[in-house]
1. When you go through (1) part of a loop (DSSP other than H, G, I, E, B); (2) modelled with pLDDT under 95 one by one for A14, which number turns out not to apply?
2. Of all residues in the range 58-78 being of a type outside the set (S, T, N, Q) and not in a loop (DSSP other than H, G, I, E, B), which is farthest from A90 (Cα to Cα)?
3. Could you list, in sequence order, the residues of the range 58-96 that are hydrophobic (A, V, I, L, M, F, W, C), open to solvent by 50 Å² or more (accessible area, probe 1.4 Å) and within 10 Å of the ligand (Cβ to nearest atom)?
4. Just a yes or no: is a residue in the range 21-30 over 14 Å from K89 (Cα atoms), open to solvent by 20 Å² or more (accessible area, probe 1.4 Å) and in contact with a Lys or Arg (Cβ under 6 Å, 6 or more places away or on another chain)?
5. Read through the list (1) free of Cβ contacts under 8 Å to residues at least 24 places away in the same chain; (2) within 16 Å of the ligand (Cβ to nearest atom), then give the number of the only condition that G25 fails.
6. Can A41 be described as within 24 Å of E24 (Cα to Cα), of a type in the set (A, V, I, L, M) and at pLDDT 95 or above?
7. Can you pull out the residues in the range 34-57 that are within 16 Å of the ligand (Cβ to nearest atom) and either surrounded by fewer than 16 Cβ atoms within 10 Å (Cβ to Cβ) or outside any loop (DSSP other than H, G, I, E, B) (or both)?
Amino acid sequence: MAQLLTDAERATLAEDLPGWTPTEGRDALQKRFVFRDFNEAFGFMSRVALVAEKMDHHPEWSNVYRTVDVVLATHDAGGLTKLDVDLAKAMNRIAG
Ligand code: H2B
C-alpha cells in the first residue's frame with residue numbers, strides 16, 4: 001500500500017504543486033480549477049479521468065458549469081501519498 005508522505009516530502013508541496021492547498025480537517029489537498037466554459041471544464045475532467053483510471057487513483061471532485069473543485073487523498077492510506085502528488089501534477093499539466 002502507498003505510504004503517507006513524510007514531513008520532508010510535505011515541505012516541498014507548496015512549490016511543487018501550484019494552486020493546491022491543504023484541506024481543513026483532513027490530510028488532503030484541494031484546488032479549484034476555473035475554465036472558460038463547460039466544454040473546457042468537462043474536457044479537463046475527461047482527460048484527467050483517463051489518467052486517474054490508469055493510475056487506479058481517483059479524485060474526489062465536483063463540477064458546476066466551468067468550475068471543477070478537486071480534493072485529493074489516498075483513501076486506502078488515510079491521507080496524502082505520492083499518488084496524490086502525481087495526480088495533482090498531472091491535473092496541473094492537463095489544465096495548462
Ligand atoms: N483512489 C483514491 N483516491 N484513493 C484510494 O485509496 C484508491 C483510489 N484506491 N482508487 C483504489 C481505487 C482501490 O480502491 C482499488 C481497489 O485499487
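1. A14 satisfies every listed condition except (1).
2. As a first pass, look at the range 58-78 and keep what is of a type outside the set (S, T, N, Q): 58-61, 64-66, 68-73, 75-78.
With the extra rule that they be not in a loop (DSSP other than H, G, I, E, B), the set shrinks to 60-61, 64, 68-72.
Working: E60: 15, W61: 15, V64: 21, V68: 15, D69: 15, V70: 13, V71: 14, L72: 12 Å.
Of everything passing the filter in the range 58-78, V64 is farthest from A90 (Cα to Cα).
3. Narrowing the range 58-96 to residues hydrophobic (A, V, I, L, M, F, W, C): 61, 64, 68, 70-73, 77, 80, 83, 85, 87-88, 90-91, 94-95.
Next, from what is left, pick out any that are open to solvent by 50 Å² or more (accessible area, probe 1.4 Å): 61, 64, 83.
Matches in the range 58-96: L83 only.
4. So far as the range 21-30 goes, no, none of its residues is over 14 Å from K89 (Cα atoms), open to solvent by 20 Å² or more (accessible area, probe 1.4 Å) and in contact with a Lys or Arg (Cβ under 6 Å, 6 or more places away or on another chain).
5. That leaves (2) as the condition not met.
6. Details: within 24 Å of E24 (Cα to Cα): no; of a type in the set (A, V, I, L, M): yes; at pLDDT 95 or above: yes.
Here the answer is no, as A41 does not meet what is asked.
7. Residues of the range 34-57 that are within 16 Å of the ligand (Cβ to nearest atom), as a first pass: 45, 48-57.
Matches in the range 34-57: M45, V48, A49, L50, V51, A52, E53, K54, M55, D56.
The values are calculated or read from the model by the stated rules, or taken from the named source; none is laboratory data. Nothing here was measured: the structure is a model prediction, and the numbers come from that model. Cβ coordinates were reconstructed from backbone atoms using ideal geometry, including for glycine residues, and neighbour counts include every protein chain displayed. Ligands, DNA and RNA are excluded from the accessible area calculation, which covers all protein heavy atoms including side chains. Shrake-Rupley method; radii C 1.70, N 1.55, O 1.52, S 1.80 Å.
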